1. Tell me the GluC sites (Glu not before Pro) within segment 185-275 that lie in a loop according to DSSP and have at most 16 other beta-carbon atoms within 10 Å.
2. Using alpha carbon coordinates only, what is the Rg to Rh ratio of segment 3-86, with Rh defined as the Kirkwood radius?
3. Size of the dipole of segment 91-273 about the Cα centre, Lys and Arg at +1 and Asp and Glu at -1 on the beta carbon, nothing else charged, in debye to 20?
4. Taking H as built 1.01 Å from N, whose amide H comes closer than 5 Å to the amide H of residue 91, not counting residues under 5 places away?
5. Only Cα pairs within less than 10 Å get springs; with that Gaussian network setup on the chain, which residue of 240, 62, 98 has the largest fluctuation?
6. Taking +1 at the Cβ of each Lys and Arg and -1 at the Cβ of each Asp and Glu, which of 73, 26, 84 sits farthest along the dipole of segment 3-86 towards its positive end, judged by Cα position relative to the Cα centre?
7. Taking segment 204-266 as the region of interest, what is the percent of Cα-Cα pairs per 10 angstrom bin, listed from the shortest bin to the one with the maximum distance?
8. With a ≥ b ≥ c the root eigenvalues of the C-alpha gyration tensor of segment 85-169, is it rounded (a/c under 1.5), prolate (a/b larger than b/c) or oblate?
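Please treat every number below as a calculation from the coordinates, not as lab data. From a predicted model like this one, the values you see are computed outputs, not experimental measurements. Don't worry about glycine lacking a Cβ; one is built from the backbone with ideal geometry, like all the others, and counts go over all protein chains shown.
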Amino acid sequence: MDLTRHLRFFTAVADTRHFGDAARELGMTQPPLSQGIRRLEERLGVRLFDRDPRGVRITAAGQLLLPAARELLRLEADFLDLATDLVVPIQVRLGVAGDLDERIDDVVGALAARGHAVAPTVAGSVELVDLLRDGLLDLAVVRHPGVIDGLTAGPVLVLPTRLESRVQHPATTFGDLPVAVPPRHHQPPAHDQLVDALRRAGHDGRVVEAADGGQRRALTAAGVTTRLTPVQAGTSGGQGLPPLRLRIVMPHDAHRRPEIEHAVVADELGQALTP
């Protein structure tokens, strides 16, 4: 017997003093409610209600048992509420390369907006790849090119960039100041490719390495550097500026957590980054 279910029958009839009204309150028909009360009485060995043409009257035994029945139902509700509070949602452990700067919000926010619980880690691409290999991340958005052996990678995503410099500073054109960039060790191949691209675009290739995005913004605000930042999806970047190239990487099938839909999350990340 489901005791708490039958105690709900008991309290509903005790409150309404009418089987039909109690059945409607419980969202059921009267016959199974009446049968349930009879089964509860048989299980307890006492009669809970007297039935006569004038209606339903609770018995002395029913009066004595009713407070305990209400307390048991309250304890059940408290127990379920406590268990609900203890539930930890399945989190997508997402790595995001710090090179994305302001676009980091877009990436994390896009997953959260689709109902995912996200545990983000912002770091250099080499570190993110290591975390993926160690099973500590589910997916990561990393700079391309880079070494991603032992992982599954999606297509290369190309994000246009714009040049940012201090407002009204005399040196605001591309090539007048060094470019603030993440440290080379964050993703050596991508760093070297960027420096080559800067030179091909007419810049002398001078860079200032700063690990923190806030530091890169501060250097630019001080007029010490310029910086290249990825533009919003669907927005064109500056003419001739090197783009930011990215890939979404994840473990091979055998090493993925089954509770995470990796392909779905990767597709949502791609949509957040590109038109």
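1. Loop-located and lightly packed - 259, 261.
2. Rg divided by Rh gives 1.01.
3. With only Lys, Arg, Asp and Glu charged at Cβ, the dipole is about 420 debye.
4. Here nothing satisfies the definition.
5. In this elastic network of the chain, the residue with the biggest mean-square fluctuation among 240, 62, 98 is 62.
6. Of the options given, the answer is 26.
7. Using 10 Å bins, I get a P(r) of 15, 31, 26, 21, 7 for segment 204-266.
8. oblate
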